[in-house]
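The values are calculated or read from the model by the stated rules, or taken from the named source; none is laboratory data. The shown structure was predicted, so the numbers you read here are calculated from the model rather than taken from an experiment. Cβ atoms come from the backbone with ideal geometry, glycine included; neighbour counts cover every protein chain shown.
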Amino acid sequence: MMDHLILRVMIKLFFAPILLFALYVQFHGDYGPGGGFQAGVIFASAFILFALGFGLRTTQKAVPPSVLPYFMVTGLLLYAGTGVVTLFLGGNFLDYYVLAPNSHHNAGQHMGIFLVELGVGMAVFSSMLTIFYYFAGREPEISDEDW
Amino acid sequence: MNEPLQLISDFQPSANLMQFIEISILTLLLVVSIAMLRMRRLFGVVMLSGIYSFLSALFFVALDAVDVAFTEAAVGAGISTILMLSAMLLTARREKPFVPGHAFLALLVCVVVGGALVYATFDAPLYGDPMAPANAYVGQAYVDRMAVEISMPNIVTGVLASYRGYDTMGETAVIFTAALGVMLLLGLGSERGGRVVSDVPPEPEASPSSDSTAQNSTAQNSTGQKSPAPTANSPIGREDAP
């Protein structure tokens, strides 16, 4: 198992910074470029990179495919649930002002956008990783002469 | 914004370094797409489509659309390249040879549609026009109201998540549905230990004693011991595989 040693060392080196960058994009999307969608894709791409270097089975031990649908549903429900909460607080659907009324710096908007983007990030991350798992799991792992 | 909007703009584009860079990127996009058309090896086509996405992202950066460039680089060059590679492994490695026929009809359709598109560009606002409709009406309203209503520096996030939050919820549902469809169509078998779905016909001489060893032999095939059936009919490189 000493094939692709340099690639594997580089993947190990880059794995944590990619995850960290995805979290930065997720939670800094209000101030810089980015947001939940991009963060979810980057978060999933870290695991896909790991799967390319170390094999699908190893990755599926770390992030089992059976837990990903729960993430998908939770992300979507977090988004829709934010809208339902604003409904119950007396506003329109996804009207974030009612989350923090009487705020002078639009704290309700910030809270609502934070929750909604978190939901998008979770749903996109788990969906992308699921799609990759199911596509890559159809076929035996890529051997060297196929490239 | 008290002054009335100009309907007829007197904007005159001027050549500068930025436009030179943008035209260079667009030329590279054209070159890459022609190379993709000419190439028959699907691995090269997938790699070129990744390069195409990176060039598009570069072009969006040059247009100051950083969020779109970010998405293009992450999704177009990252995820979809990987997905295309995975899909390529399910089919052949090389495109089928070109079959002549209907060439005149296809050329006619291309010329007519292309001519209509070129004709439509004559009505489009000039490149970089600050009074273009995309910059003037709704876009300007978002820029003006954003600081008061949401007070968030990134206008794109505010528009996506707050002003158009309902649309973004629909997009999230679309992605959720896409993953759900992939799970249903390409299922790996039941998560609770059901039979693994495989295109490989069962080995006649293996004679598995139980279901678990049958699964193990399928898994060991995947480590490259012998060439499995779905790729054996691909035209290149599988017959001499060890």
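Some points to look at:
- So B:LEU55, is it surrounded by 15 or more Cβ atoms within 10 Å (Cβ to Cβ), in a helix (DSSP H, G or I) and away from every other protein chain (no Cβ under 11 Å): yes
- Here A:THR86 clears all of (1) over 26 Å from B:THR81 (Cα atoms); (2) out of contact with any Asp or Glu (no Cβ under 7 Å at 6 or more places or on another chain); (3) in a helix (DSSP H, G or I) except the condition numbered (2).
- When region A:89-112 is limited to residues that are out of contact with any Gly (no Cβ under 7 Å at 6 or more places or on another chain), at the interface with chain B (Cβ under 9 Å from one of its Cβ atoms) and assigned to a helix (DSSP H, G or I), the one that is surrounded by the fewest Cβ atoms within 10 Å (Cβ to Cβ) turns out to be A:HIS110.
- Matching residues in region B:141-158 - criterion: being assigned to a helix (DSSP H, G or I) and facing another protein chain (nearest Cβ under 9 Å): B:VAL148, B:GLU149, B:VAL156, B:THR157, B:GLY158
- Across region B:75-113, the qualifying residues are those that are outside any helix (DSSP H, G or I) and in contact with a Ser or Thr (Cβ under 7 Å, 6 or more places away or on another chain), and the one among them that is nearest to the other protein chains (Cβ to nearest Cβ) is B:ARG93.
- On the stretch given as region B:100-142, residues that are within 19 Å of B:GLU22 (Cβ to Cβ) and charged (D, E, K, R) total 1.
Yes/no matrix, rows are residues, columns are (1) closer than 30 Å to B:VAL66 by Cβ; (2) facing chain B (nearest Cβ under 8 Å); (3) of a type in the set (Phe, Trp, Tyr):
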site	(1), (2), (3)
A:LEU5	no, no, no
A:PRO17	yes, no, no
A:SER45	yes, yes, no
A:ALA62	no, no, no
A:MET72	yes, yes, no
A:TYR79	yes, yes, yes
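Yes/no per residue for (1) free of Cβ contacts under 8 Å to residues at least 40 places away in the same chain; (2) in a helix (DSSP H, G or I); (3) buried (at least 18 other Cβ atoms within 10 Å of the Cβ); (4) of a type outside the set (A, V, I, L, M):
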position: A:ARG8; (1), (2), (3), (4): no, yes, no, yes
position: A:PHE37; (1), (2), (3), (4): no, yes, yes, yes
position: A:LEU49; (1), (2), (3), (4): yes, yes, yes, no
position: A:MET72; (1), (2), (3), (4): no, yes, yes, no
position: A:TYR79; (1), (2), (3), (4): no, yes, yes, yes
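- For region A:51-70, a residue qualifies if it is touching a helix residue (DSSP H, G or I) at 6+ places or on another chain (Cβ under 9 Å), in contact (Cβ under 8 Å) with a residue 60 or more places away in the chain and of a type in the set (Gly, Ala, Ser), and exactly one does: A:ALA51.
- Hey, A:MET128 surrounded by 24 or more Cβ atoms within 10 Å (Cβ to Cβ), touching a residue at least 12 places away in the same chain (Cβ under 8 Å), within 23 Å of the chain's Cα centre (by Cα) and more than 9 Å from chain B (Cβ to nearest Cβ) or not: no
- Some residue of region B:114-125 being at the interface with chain A (Cβ under 10 Å from one of its Cβ atoms) and in contact (Cβ under 8 Å) with a residue 40 or more places away in the chain: no
- Here B:GLY44 fulfils each of the conditions (1) modelled with pLDDT of 90 or more; (2) surrounded by fewer than 16 Cβ atoms within 10 Å (Cβ to Cβ); (3) within 14 Å of chain A (Cβ to nearest Cβ); (4) under 30 Å from A:GLY29 (Cα atoms) apart from (4).
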